[in-house]
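The values are calculated or read from the model by the stated rules, or taken from the named source; none is laboratory data. All values reported here derive from a predicted model rather than from experimental measurement. Using ideal geometry, Cβ is built from the backbone for each residue, glycine included, and neighbour counts are taken over all protein chains shown.
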Amino acid sequence: MDRIGFIGLGRMGRGMAGNLQRKGFNLTVFDLQAEPMRALEELGAKPAASVAELSRAADVVITMLPGPPEVEATILGPEGVLANAPSSLLVMDMSTVDPALTDRLAETLQAASRAFVDAPVGRLASHAERGESLFMVGAEEDDFARVHPLLAAMGTTIFHCGRPGTGTRTKLVNNFLAIVSCQMNAEALALTSGFGLDLETTLDVIHGTTATNGQLKINYATKVLEGDTEPGFAIDLAHKDLSLILQAANGTKVPAPIAAVARESLSLARSGGFGGKDFSALLDHWCERAGVEKLRFKSQ
C-alpha cells in the first residue's frame, strides 16, 4: 500500500485526511497550525515536522492549500515536496488554482519522472467531513487508477475529466456558476425581504420553476437561512476563485462580464467585514446594505 502524505488541514483538508485515516491508509500529515495536526494524530495519523519530512516518508503526497502561492511553494520550493521526494512519488493537488500553475506543476514533475494529478474538490466542508466530496480529476489513466482508492475513501463522486489540467479547468467552470448563483440568490432574497414576502412561500414557488438552483436549495437552506454563517466556503475564498476564473478566461480570450461584476460585489462584502463568513452570508450583506430584514426560516 502506498504511504500517503497530506499537506493542508484546513476546513476541507482536515475532513478529507480524517476519512483517509479512518479507512486504514498509512497517513502522515502536515499543517502550519498545531490544532488540526493534534486532531489527526489522535485519529492515528503520523505528524510531520515539515513538508520535507513528510515528502521523504510518502509515495503519494496530497496538497489541499488556500491558493496558487502556497501550492507552488509547497510543491516546487527548495524545501518542498519535489526536492525531497522518492522516485515513486505521485503528487495530487486538490487545491483550487489557476490552470497555468497546474500545467507548470504537471510539466515540472513529469520532467523529474514523477507523476502529477489535479483533483480539485466539489461540495462543501460538511461533505468533506462525512466523506461525501465530489472530485474533478485530471490524470493519466495509470495515475488515475492509482489515486482512485484514495478518492473513494474521501468522497462519493469521482469524475475523470481527462489529462492533467482538466480537473482544475473543470473546477473553475463549476465555481463560476456556484459563486455567481450565490450572489444572484443574495440579491433575489434581499428583494424578497424588501417586498415583505413570506420566505417559505417564495422558495416553494422558486423551487417549482426553472429559477431554482443548487446553491439556493442546498447551501442557503442549510447555512444562512438557518442562521449559520460559519464558513463552509468563505467569501474570501470565493473572491479568490473569481479572480482565478477571470485570469484564466482572459488568458483564453473568453469574455466573462458576469464573473467580473460578481467579483466586485464580493469585494463590497469583504470591505464590509464579511470575508470570513460563508459565501451564503452574501444574503446578510445585501440585506444590511438595503436596510431590510435578514431572512431566516421561521424556526430560527
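Things worth noting here:
- Within the range 131-146, being at negative phi and surrounded by fewer than 22 Cβ atoms within 10 Å (Cβ to Cβ) holds for E132, L134, E140, E141, D142, D143, F144, A145, R146.
- Residue in the range 128-146 that is more than 18 Å from N19 (Cβ to Cβ), of a type in the set (A, V, I, L, M, F, W, C) and part of a helix (DSSP H, G or I) present: yes
- When each of T202, T222 is tested for being closer than 22 Å to K298 by Cα and in contact with a helix residue (DSSP H, G or I) (Cβ under 7 Å, 6 or more places away or on another chain), the lone residue that passes is T202.
- Of all residues making up the range 80-115, the number that are without any contact (Cβ under 8 Å) to a residue 60 or more places away in the chain, part of a loop (DSSP other than H, G, I, E, B) and either outside the structural domain of A17 (by TED's automatic domain parsing) or under 25 Å from the mean Cα position of the chain (by Cα) (or both): 3
- Any hit, the range 35-46, residues being within 19 Å of the chain's Cα centre (by Cα), under 26 Å from T157 (Cα atoms) and at pLDDT 95 or above: yes
- Counting only residues that are closer than 16 Å to N219 by Cα and of a type in the set (F, W, Y), the range 284-300 holds 1 of them.
- Counting residues in the range 22-36 that are of a type in the set (K, R) and under 22 Å from A234 (Cα atoms) gives zero.
- Pick from the range 1-17, criterion farther than 13 Å from I62 by Cα and outside any loop (DSSP other than H, G, I, E, B), ranking: modelled with the highest pLDDT: G15
- Of everything listed in (1) within 20 Å of G67 (Cα to Cα); (2) in contact with a strand residue (DSSP E or B) (Cβ under 9 Å, 6 or more places away or on another chain); (3) assigned to a helix (DSSP H, G or I), the single unmet condition for E264 is (2).
- Single residue of G232, G155 found to be at pLDDT 95 or above, closer than 30 Å to K23 by Cα and under 17 Å from the mean Cα position of the chain (by Cα): G155
- Among the residues listed as V71, V60, V117, V29, the single one being buried (at least 24 other Cβ atoms within 10 Å of the Cβ), within 23 Å of E132 (Cβ to Cβ) and in contact with a Leu (Cβ under 6 Å, 6 or more places away or on another chain): V29
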